[in-house]
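Novice: Right, I'll just put the structure down here and ask away after.
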Amino acid sequence: MDEETKFHWAEGMKYVLEGIKAIFVLNGAATVSILTFIGNTKTKSDFLVYAMVCFAIGALTGPISFLFAYLTQLNYGNASRTAGKWESGQSFHKGTYLAVGCGMLLFIGGIVLASCGFLEANANIPK
């Protein structure tokens, strides 16, 4: 691999890591905000609890993505020395995409559920 390719590979990995961090932070912050809302209101909605669960599981996909990304790079790096490592790396690579995709889908699902919960809680407020 030439130096320019190595440079672009390293820079690409930096963007991937920042993207995984963003998924973790977004889902984690959303979980905390839902918990805060539930704790400070008298009206409750099951949708808010489901949204919180989606956000919490979405936050869990962040460390899982980091683990898969690490194992991907470890296997790709050892592929020249050990047979079968390239294929293992490709499996972990696909797992990383799956974990990141699940994190994004859980965030979107959490937004939809939280919206339903806020609308339901707003409808239950006496006027």
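Novice: Just give me a number: lysine pairs in the chain, eight or more positions apart or cross-chain, with C-alpha atoms less than 30 Å apart.
Specialist: 11
Novice: Evaluate the relative contact order of the range 7-127 (contact order divided by residue number), counting alpha-carbon pairs under 8 angstrom at least 6 apart; express in whole percent. Numbers along the way, then the final one.
Specialist: Numbers: 134 pairs, mean separation 41.6, N = 121.
Answer for the range 7-127 is 34 percent.
Novice: Output wanted: per-residue J couplings in Hz (rounded whole) for the range 81-91, from phi through Karplus 6.51 cos²θ - 1.76 cosθ + 1.60, θ = phi - 60°, x for Gly and Pro.
Specialist: Along the range 81-91, the couplings run 9, 10, 5, x, 6, 5, 5, 4, x, 5, 5 Hz.
Novice: Each residue of the range 14-27 in order: what ³J(HN,Hα) in whole Hz does its phi give by Karplus 6.51 cos²θ - 1.76 cosθ + 1.60, θ = phi - 60°, with x for Gly and Pro?
Specialist: Listing the rounded values in order: 4, 5, 4, 4, 5, x, 5, 4, 4, 4, 4, 5, 4, 5 Hz.
Novice: Could you rank Y97, Y76, Y15 by how accessible they are, 1.4 Å probe, largest area first?
Specialist: My answer, sorted largest first, is Y15, Y97, Y76.
Novice: Restricting things to alpha carbons, tell me how big the range 1-109 is in terms of Rg and Dmax, in Å.
Specialist: For the range 1-109, the Cα-based Rg and Dmax read 18.0, 62 Å.
Novice: Continuing with this model, one more query. What do you get for the angle between helix 46-77 and the principal long axis of the chain? Use alpha-carbon atoms, 0 to 90 degrees, nearest ten.
Specialist: The angle comes out near 10 degrees.
Novice: Size of the dipole of the chain about the Cα centre, Lys and Arg at +1 and Asp and Glu at -1 on the beta carbon, nothing else charged, in debye to 20? Each step should come with its number before you reach the end.
Specialist: Details: 9 positive and 8 negative charges, 85 e Å.
It comes to approximately 420 debye.
Novice: Pop the C-beta distance of F7 and T43 into the FRET formula with R0 = 41 Å and round what comes out to the nearest 0.05.
Specialist: Numbers: r = 55 Å, r/R0 = 1.34.
The computed FRET efficiency comes out at 0.15.
Novice: Got a sec to turn the phi values of the range 105-112 into Karplus ³J(HN,Hα) couplings, 6.51 cos²θ - 1.76 cosθ + 1.60 with θ = phi - 60°, whole Hz, x for Gly and Pro?
Specialist: Residue by residue, the range 105-112 yields 5, 5, 5, 5, x, x, 4, 4 Hz.
Novice: To continue, here is another question. Go through I57, T31, A69 and say which Cα lies farthest out towards the positive end of the charge dipole of the range 6-105; charges sit on Cβ, +1 for Lys and Arg, -1 for Asp and Glu.
Specialist: So the residue we want is A69.
The values are calculated or read from the model by the stated rules, or taken from the named source; none is laboratory data. No experiment lies behind these values; they were computed from the predicted model shown. Because the Cβ atoms are built from the backbone with ideal geometry, glycine has one as well, and the counts that use them run over all protein chains shown. In case anyone asks, the SASA skips ligands and DNA or RNA and just uses the protein heavy atoms, side chains included. Shrake-Rupley method; radii C 1.70, N 1.55, O 1.52, S 1.80 Å.
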